[in-house]
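Presented below is the structure to which this report refers.
The values are calculated or read from the model by the stated rules, or taken from the named source; none is laboratory data. Bear in mind that the values here come from a model prediction, so they are computed numbers and not experimental data. Note that each Cβ is placed from the backbone with ideal geometry, even for glycine, and that neighbours are counted across all protein chains shown. Note: areas computed on protein heavy atoms with side chains; ligands, DNA, RNA excluded. Shrake-Rupley method; radii C 1.70, N 1.55, O 1.52, S 1.80 Å.
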Amino acid sequence: MNAWMEELGSSEEAFTLLSSVFTNVSDAILVVDKEGVIVTANPALEKMSGWATEELIGKRHICELCLGMATCREEATCADCFFKQEQMPSFEMRLKTKDGRDYPVAASSARLPERDGGKLVLILRDMSDQQRAEKERYQHKLTNYVIQAQEEERKRISRELHDGVGQALYSILVGLNVVGQSTLSEPLRQHVTDIQQMTAKAMEEVKRMALELRPSALDDLGLLPALRSLIKRFEKSFGLLIDLHVQGERRRYPAAVETALYRIVQEAMTNAAKYAQAAKLGIVFEDRDKELVVTVVDDGIGFDVERAQTKGTGLGLFGMKERAQLLGGTVDIRSAPGEGTTVIVRIPLSKEETEDGHSRPDR
């Protein structure tokens, strides 16, 4: 340190440099006297706290800006406060801004020698971005957990509908067929026939619900067969003309990737069928070895994407993007009133996923 000061030359040069550092450093710096009154502060503190320097120096006590250290409890006293310590190299505290906001900061403090008045130097670093990033990571993990739990529950209910309710209805239908072959009066025979028809309709409804919850083809055969089955159901239910074009190798992908892409395409098709008044739908599935790109294009009435997202009406769009982001991918939605809608999904594949996929052919 002394050698560095000697290189600076005169004390005036040293003062100029230190003053420049104090003024331009991004961390907030403030100095308080032994009584806790602020005696100086740099511009970074003004920016961080909202207080002008002239409003602080000689007028504010450090306790007016401090909402407590991270280790403080509401019922605790300030016995262990950094202000009462000679030095605390690292701790967290909450800074109270001029407008009353709670501002998280990482801090360090050191007390100057008695010849300098025993003042305390406090350095504060903005933690809001760090906390925001941590919050986003937490939300990311929570969303991933919720989606996985939802898919597992869908799979369980779908299996119970198919194997439990579906099989029970089938047994009832078989029994009704046996009864229908007996000698019955015409009114009774008609009644049995009506019950048979209602039971058959109930079976179809259970089958449809099981497929919508979790198609068995997605787990047993893979993404492309499941999409083809989905397309057939949509064509039959909504009268859409849907074209699926596949480019690249046909193979299996990790379960999370297949589920996410299936749900995203399903949502895009549902939007086109129910809301866009589309007559035609084109789906291009591209296996580019290191990433999957799926494009869904409809000839519907289109919509204002930004408005739908800002007004909170595009919850389905949010879910599509969230599923892709959990896999490191993206969903690009392009649309305008009267111009149809294009949804482009990109999902990266890691080296392990690529090697695993090549060993599992799809149909």
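In square angstrom, rounded to the nearest 10, how much accessible surface does Met203 have for a 1.4 Å probe?
50 Å²
Quick one: the Cα spread of the range 81-179 along its three principal axes, in angstroms, biggest first?
Per principal axis, max minus min of the Cα coordinates gives 107, 27, 18 Å.
Using a 10 angstrom cutoff on alpha carbons, build the Gaussian network for the chain and name the most mobile of Pro225, Pro89, Pro187.
Pro187
Rounded to the nearest 0.05, what FRET efficiency is calculated for Glu35 and Ala106 with R0 set to 22 Å and r the Cβ-Cβ distance?
Here the calculated transfer efficiency is 0.30.
What does the charge dipole of the range 247-297 about its Cα centre add up to, to the nearest 20 debye, if the Cβ of each Lys and Arg holds +1 and the Cβ of each Asp and Glu holds -1?
Here the size comes out at about 160 debye.
Tell me which label goes with the value of P(r) over Cα pairs in 10 Å bins from 0, in percent computed from the coordinates here: (1) 4, 16, 18, 13, 12, 14, 11, 6, 3, 2, 1, 0; (2) 5, 21, 29, 25, 16, 4, 0; (3) 5, 22, 25, 20, 16, 8, 2, 0.
For P(r) over Cα pairs in 10 Å bins from 0, in percent, the calculated option is (1).
In the chain, which longest range has no GluC sites (Glu not before Pro) that are both DSSP loop (not H, G, I, E or B) and surrounded by at most 12 other Cβ atoms within 10 Å?
Here the longest run is 87-248.
Rg and Dmax of the range 173-261, Cα atoms, in Å?
Gyration radius and largest Cα-Cα distance of the range 173-261: 19.8, 62 Å.
Could you point to the residue in Gly282, Ser49, Ser109 farthest towards the positive end of the chain's charge dipole, with +1 and -1 charges on the Cβ of Lys/Arg and Asp/Glu respectively?
My answer, from the dipole projection, is Gly282.
Residue-wise, which Karplus ³J(HN,Hα) couplings in Hz belong to the range 92-106, taking 6.51 cos²θ - 1.76 cosθ + 1.60, θ = phi - 60°, and x for glycine or proline?
10, 9, 10, 8, 8, 7, 4, 8, x, 6, 9, 10, x, 9, 8
Roughly speaking, what is the centre-to-centre gap between the range 126-155 and the range 286-346 when only Cα atoms are used, to the nearest Å?
A separation of 21 Å, based on Cα centres.
Going down the table (Lys155/Lys280; Lys98/Lys119; Lys232/Lys274), which pairs top 19 Å between alpha carbons?
In this structure, Lys155/Lys280; Lys98/Lys119 lie more than 19 Å apart at Cα.
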